[in-house]
Structures are given as structure tokens and as C-alpha cells.
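Every number in this text was worked out from the coordinates using simple rules, so none of it is lab data. All of these numbers come straight from a predicted model, not from anything done at the bench. Every residue, glycine among them, receives a Cβ derived from its backbone with ideal geometry; neighbour counts consider all protein chains shown.
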Amino acid sequence: MTERQINIAFKEYTSVDELSEADKALCLEAVKALDTSHSPYSHFKVGAALQLKSGKVLRASNQENVAYPSGLCAERVALFNWGANHADDAVVTMAVTAQTNDFELLKPITSCGACLQVMAECEKMQNSPLRVLLYCINGPVWVVEGVQSFLPFLFFEDRLTH
Ligand SMILES: [Zn+2]
């Protein structure tokens, strides 16, 4: 028996002001996207912003529904919009942030497993990694270089052939 370990790496910046101008601007686009959140049930707004290779920015937010499973996370709203309308323009970076009046957010929120799987599909479609900025307003920013950093055991078809 061999015990193995997988380490994942990400960068932590103490505030958005430590980021490059481009990354900071994208985090602020995610903040703007909070305004379009439809979250009357959780009171938990999530905003996402995609920076495309062309320079275009796409904003999205979480969209809840009275039939709870019918709602969708901001990340998937963003990436499905990209897939449907902009798939020829690669996603370079995605910024995600959250806001609620119910409690204080002290660290960035991280994406759910379903959103990570959709990010992985985006990387596969565009054949390039997707950087993710997880931004806590008034807190740190975590920068993750590609979905493999979140999901080291991600399912790939090539694993079937070995
Ligand atoms: Zn999600």
C-alpha cells in the first residue's frame, strides 16, 4: 500500500488592491453583477464576471426559484451564457463574489461541485485553463489557476483509455 497526497495551490491576496488592475477591475464587475441577483429565498447574492480573450466582460448572478432546484448559481449562469453566445471567445478569467446582509462574509465563497464541473467543460471546450478569482468584499482574494487546482480527481475521458 502506498499512501499518496495531492496538494493544491492557490494565491491569497489580502485585499483586491493587491491585484493587477485587470484582475481588480474584473472583481469589481462581479460586484456590479450582485445587483442582478434574484435571491429572495436565501438572501445570498452571488455575482460573477467573465473576462474573455477579446476583452469583453460578461456579468451574471445567481437566479433562484420558488421551486428551489430550478434556480442556478451565478457561475453556471455566466458559463452557459458564454457557451450559448460567445464560445468562440475564450474565457481567460472568472471573478466570483458574494454579499448578504444576514451575516458577515470573512473569506471568499468557493464554487459548488456542479459549477466546478461546468468550469472544467469550459476549459475543455476552449482548450485553455480558466483562472478564477474568488473575491471577498472587504476581505481576501483567492486566485486559482485552472480547474485542476480545485478538482485534482476530475473525470477526463482520457482516463478511460489507460
Ligand atoms: Zn454552483
The size of the Cβ-based charge dipole (Lys, Arg +1; Asp, Glu -1) of the chain about the Cα centre, to the nearest 20 debye, is 120
In this structure, the FRET efficiency calculated for A87 and T36 from their beta-carbon separation, with R0 = 22 Å, to the nearest 0.05, is 0.50
Lys and Arg at +1, Asp and Glu at -1: neighbours of D88 with Cβ under 12 Å from its Cβ sum to +1
Scoring segment 11-149 by relative contact order with C-alpha pairs under 8 Å, at least six apart, yields a percentage of 26
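Can you check what the net charge comes to around K45, using other residues whose Cβ is under 13 Å from the Cβ of K45 (Lys, Arg +1; Asp, Glu -1)? Write down the numbers at each step before the final one.
Details: positive: K32, R59; negative: D35, E64, D102.
Neighbour charge sum, excluding K45 itself: -1.
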Given Cβ charges of +1 for Lys and Arg and -1 for Asp and Glu, the option among P129, N85, G55 whose Cα lies farthest towards the positive end of the dipole of the chain is N85
Filtered pair list for the chain (Lys only, Cα < 19 Å, 8 or more apart or interchain) has a length of 11
Charge tally for neighbours of P129 with beta carbon under 10 Å away, counting Lys, Arg as +1 and Asp, Glu as -1, is -1
